[in-house]
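Computed from the coordinates by the stated procedures, all read-outs in this text should not be read as laboratory data. Since the model is a prediction, treat every value here as computed from it, not as a measurement. Neighbour counts are summed over all protein chains in view; Cβ atoms, including those assigned to glycine, are modelled from backbone coordinates with ideal geometry.
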Amino acid sequence: MQPASEAELAEAVRGANGPLVVRGGGTRGIGRPVAGEALSVAGLTGVVLHEPAALTLVVRAGTALAEVEALLAAEGQRLPFEPMDARGLMGTSGVPTVGGMVAANASGPRRVQAGACRDSVIGVRFVDGTGAVVKNGGRVMKNVTGYDLCKLLTGSFGTLGVLTEVAFKLLPAPEAAATLRLEGLEDARAVQAMAAALTSPYEVTGAAHVPGGGTVLRLEGFEEQVAYRAGRLAARLAEFGAVAVERDPGAVAAEWAGIRDVAAFHGRAGDVWRLSVKPSEAPGIVARLRAEVEAVQYDWGGGLVWLLVPEGTDLRARLGRIGGHATLWRAAPQTRGRILPFAPEPGPVAALSAALRARFDPRGILNPGLMAP
């Protein structure tokens, strides 16, 4: 099914006699395999409102992300959270959409400074599992009471409702950017360098490390400010080795698009796991997995670790208890059916999640089991 309007989508959900597989652009395929009738939001497209002076945007869920980014670039603006394009990593085609981005809480390297997707969502419209149209938030930031449905829907992977429209707060695009690079650092030393940069006063908007590929840090802002901050930060990092500074806009953008999309893993066989851990503990955790790990990328100063491992590897079982969580991002359907893609929730959190799903999808028809243990 591909409804052409929110009203048609609500009617389709109300009339559903079984499970619905909610689809955006079809670029991810994360979570437990779900059997059911496909329900696409691809027919819900278009920008509803863009107020450049107010730094706000309202857009329908099926709108291509590339269309939105082009619109904002023409006004010197951007989405703050730098959403990744998952196609290369996941080996998928399709077109990234606004609804899929929000449903996955897709956030790139800039999250370390600007926050995640959910921090920029200020309003949502969605159809719940009963077919009711629900609205929450608006076009301006404000305090809320009760459920903050904007944050609740962001990252719910279509299990609580089918997004039809999203409102965002925006940021101006920077005038200039620079990448600082250190070569040859061991993982633990690289995390120390990234921590030194992120705790400095120089407003680092990206900090990543790829073993064998260098340790990179990003600065953004006005031209003179970036030049000054790059010089000062390079001096601060001199204890970690020689620092190279790249100022070419195209080269900087390409570097960080590769980090954002985990380009180091593209075209390589194996399963992909993502760890969210305390940055200082990340190198030790990776060291425990050296026998299984084929490639590594540290992002967010080490707080986010991407791992490429042989197919069928239950990395969570290998790790045991860690101070964070592990998510199986890419694997064959049979592996995702056997290994929990999302980390098990503690009892009280699991109970709350179940209660929310019972409230918003009482028939259990929206992507049933996709996030289930």
**OP:** Go through the range 32-57 and give me each residue that's in contact (Cβ under 8 Å) with a residue 40 or more places away in the chain, among the β-branched types (V, I, T) and closer than 24 Å to G137 by Cα.
**Re:** V41, V48, T56
Original post:
Among the residues of the range 222-229, is there at least one that is buried (at least 20 other Cβ atoms within 10 Å of the Cβ), in contact with a Pro (Cβ under 7 Å, 6 or more places away or on another chain), part of a helix (DSSP H, G or I) and basic (K, R)?
Top reply: no
Original post:
Taking the condition within 21 Å of E183 (Cβ to Cβ) and in contact with a strand residue (DSSP E or B) (Cβ under 6 Å, 6 or more places away or on another chain), does V226 pass?
Top reply: no
**OP:** Give A287, A317, A235 a once-over and let me know the one that is in contact (Cβ under 8 Å) with a residue 40 or more places away in the chain, part of a helix (DSSP H, G or I) and exposed (fewer than 13 other Cβ atoms within 10 Å of the Cβ).
**Re:** A287
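Every residue, every condition in (1) assigned to a loop (DSSP other than H, G, I, E, B); (2) in contact (Cβ under 8 Å) with a residue 12 or more places away in the chain; (3) under 27 Å from P211 (Cβ atoms); (4) not hydrophobic (A, V, I, L, M, F, W, C), yes or no:
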position: P283; (1), (2), (3), (4): no, yes, yes, yes
position: V305; (1), (2), (3), (4): no, yes, yes, no
position: T313; (1), (2), (3), (4): yes, yes, yes, yes
position: A351; (1), (2), (3), (4): no, no, no, no
position: P368; (1), (2), (3), (4): yes, yes, no, yes
Subject >> Residue that is in contact with a helix residue (DSSP H, G or I) (Cβ under 7 Å, 6 or more places away or on another chain) and surrounded by fewer than 18 Cβ atoms within 10 Å (Cβ to Cβ), where the choices are P33, P96 >> reply: P33
Subject >> In the range 195-217, the residues that are outside any loop (DSSP other than H, G, I, E, B) and either touching a Pro at 6+ places or on another chain (Cβ under 7 Å) or among the small types (G, A, S) (or both) >> reply: A195, A196, A197, G206, A207, A208, G214
